[in-house]
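Asker: Please see the structure below; I have some questions.
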Amino acid sequence: MGKTNVTLSPTPRFDLLKLDQYLHVGVQFSRGCPFSCEFCDIIELYGRTPRTKTNEQVLAELDALYALGYRGHVDFVDDNLIGNKKALRKLLPDLKAWQNKKNFPFEFSTEASINLADDADLLRDLSQSNFFAVFIGIESPDTDTLVMTQKKQNTRRSLQQSIETIHRADIFVNAGFIVGFDSEKGSVAAGMVECIEDTAIPVCMVGLLYALPTTQLTKRLLSEGRLFVDDGQTQSGDQCTAGLNFETKRPRRDVLDDYRTVLRTIYAPGAYFDRVRRLGRMLKRTRGHRMIKGDLRSFVRLLFRIHSAGPGTAQQFWRMLLDCALHNPKALPYVVMTSALYLHLGPFARQVVEEIDREITNIDQGHWKIPPFRTAPVEAELELA
Ligand code: SF4
């Protein structure tokens, strides 16, 4: 199948959006990723040779948003923004100049692979263009797992140092972790929690491994006779509990138990706000933050909600805030914003843990049965449906 020529993409009709009802707006510079992680469907859908729009296209999209009066958070929804570093290096000077000329109306976030930490020039240029956050797939702290899942770009490095390098460039990291790989030899919960604590990443998306259609993982599991037919889990639309659509190598109960342990531990108020506190000491932002700058009403609302967010939350929040005010007051807008995320993340983690509790009880009581296994490729079944 041919890949779309993104240099022909028209400027999106942002004027059709009710922009005041969006937390952020998405733009896209590139599609595809040069890596080959086994579980990833991006590379099957968009390919391993990243294709990029021209600088003029990207700036025209920003111009369109600016002309509509939009200000604040813009997310580059690229699969891996640094997949084509040469093209990105060409874009960033123009992006920086555009931001300068307009007095920095936008704050950018994106996704990138961890080798971003190896490129000081790129990190500096991203930061100077006002990128403030990046999502990175860490997946697992275990080298054998990373090698087996073909995420070799995450090996031969200290994850802690790489993340710290990015934090010190004033870009804070959100990360993805996965539980349920074949290579897990025993419990992975302690190692994963340690990695999350060592890297001081407050917002971690921890999920159960899911074999998506078209991926190398799905093909392997199919050939090994371990892939389930649709077990209805995908209907829930919840990426956190709809995992493990295959026969796991370790007992399923142990995988689920690890998963709930990680979630319970990292989203306890003390653990979360301590990571925010340590992040607050690292960031050295010089530019104000439009998303919350001067918005006293939002801050008061946040305080009210923090105080009714469950035992220990307010106490940990104030401890963290005082630390930031004393040691790095310029980071206050960021730690406040990251604290606001806890109002969703804390209750959501508890909800997922309750769901996993139910799944484990089902297994313990003998109610969970292995679903039938697939015999035909998912794609073939999708085409027939
Ligand atoms: S680095 Fe990310 S986008 Fe690239 S193949 Fe791996 S998971 Fe997919």
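Asker: Based on C-alpha coordinates, I'd like the Rg and Dmax of region 295-364, in Å.
Answerer: When restricted to Cα atoms, region 295-364 yields Rg and Dmax of 15.7, 51 Å.
Asker: Given a Förster distance of 22 Å, report the FRET efficiency between residue 224 and residue 150 from their Cβ-Cβ distance, rounded to the nearest 0.05.
Answerer: About 0.85, to the nearest 0.05.
Asker: Continuing with the same structure: Out of residues 5 or more away from residue 206 or on other chains, whose amide H comes under 5 Å of its own, with H placed 1.01 Å from N in the peptide plane?
Answerer: 177
Asker: Expressed as a rounded percentage, what relative contact order does region 1-160 have, with Cα pairs under 8 Å and six or more residues apart?
Answerer: Details: 220 pairs, mean separation 34.8, N = 160.
So the answer I get is 22 percent.
Asker: Expressed in nm to one decimal, what extension gain is obtained for the pair residue 284 and residue 5 from 0.36 nm per residue of sequence separation less their Cα-Cα distance?
Answerer: 96.5 nm
Asker: Under the rule that a partner needs its Cβ under 4.7 Å from the first Cβ, which Cys of the chain have none?
Answerer: 33, 195, 204, 240, 324 - these cysteines have no disulfide-compatible partner (Cβ-Cβ under 4.7 Å) in the chain.
Asker: Sorted by mean Cβ packing within 10 Å, highest first, what order do the peptides 73-79, 169-175 take?
Answerer: Result, highest mean Cβ count within 10 Å first: 169-175, 73-79.
Asker: Taking amide H atoms as placed 1.01 Å from N in the peptide plane, list the residues 5 or more away in sequence, or in a different chain, whose amide H sits under 5 Å from that of residue 228.
Answerer: 246, 247, 374
Asker: What does the charge count near residue 276 come to, summing +1 for each Lys or Arg and -1 for each Asp or Glu among other residues with Cβ under 11 Å from its Cβ?
Answerer: Here the charged neighbours net out to +3.
Asker: Which of the peptides 12-24, 55-67, 123-135, 243-255 is most tightly packed, and how do the rest follow, judged by the mean count of other Cβ atoms within 10 Å per residue?
Answerer: Highest to lowest by the protection proxy: 123-135, 243-255, 55-67, 12-24.
Asker: In addition: Using a 7 Å offset from the Cα along the Cα-to-Cβ direction at both residue 330 and residue 370, what is the distance between the two label points in nm, to one decimal?
Answerer: Inter-label distance under the simple model: 5.8 nm.
Asker: Bin all alpha-carbon pair distances of region 32-140 at 5 Å intervals from 0 and give each bin's fraction as a whole percent.
Answerer: For region 32-140, the pair-distance distribution reads 2, 11, 22, 25, 19, 12, 7, 2, 0.
Asker: Return the sequence-ordered ³J(HN,Hα) values of region 71-80 in whole Hz as given by the Karplus equation 6.51 cos²θ - 1.76 cosθ + 1.60 applied to θ = phi - 60°, using x for Gly and Pro.
Answerer: 9, x, 7, 10, 9, 7, 7, 3, 5, 8
Asker: Which one of 8, 141, 246 is farthest out on the positive end of the charge dipole of the chain, using unit charges on Cβ (Lys, Arg +1; Asp, Glu -1) and the Cα centre as origin?
Answerer: 8
Asker: Follow-up. Using every pair of alpha-carbon atoms in the chain, split the distances into 20 Å bins beginning at 0 and state the percent of pairs per bin, rounded to integers.
Answerer: 26, 57, 17, 0
Asker: If you add up the charges near residue 143, with Lys and Arg at +1 and Asp and Glu at -1, over every other residue whose beta carbon is less than 14 angstrom from its beta carbon, what do you get?
Answerer: Counting the neighbours of residue 143, the net charge comes to +1.
Asker: Sorted by average packing, counted as other Cβ atoms within 10 angstrom per residue and highest first, what order do 216-222, 84-90 take?
Answerer: Top of the packing list down: 216-222, 84-90.
Asker: Let me ask something else about it. Would you pull out the residues with amide H under 5 Å of residue 172's amide H, same chain only if 5 or more places away, H placed 1.01 Å from N?
Answerer: 133, 134
Values quoted throughout were computed directly from the atomic coordinates according to the rules given, and no laboratory measurement underlies them. Predicted, not measured: the structure shown is a model, and the values here were computed from it. Every residue, glycine as well, gets a Cβ built from its backbone with ideal geometry; the counts of neighbours run over all protein chains shown.
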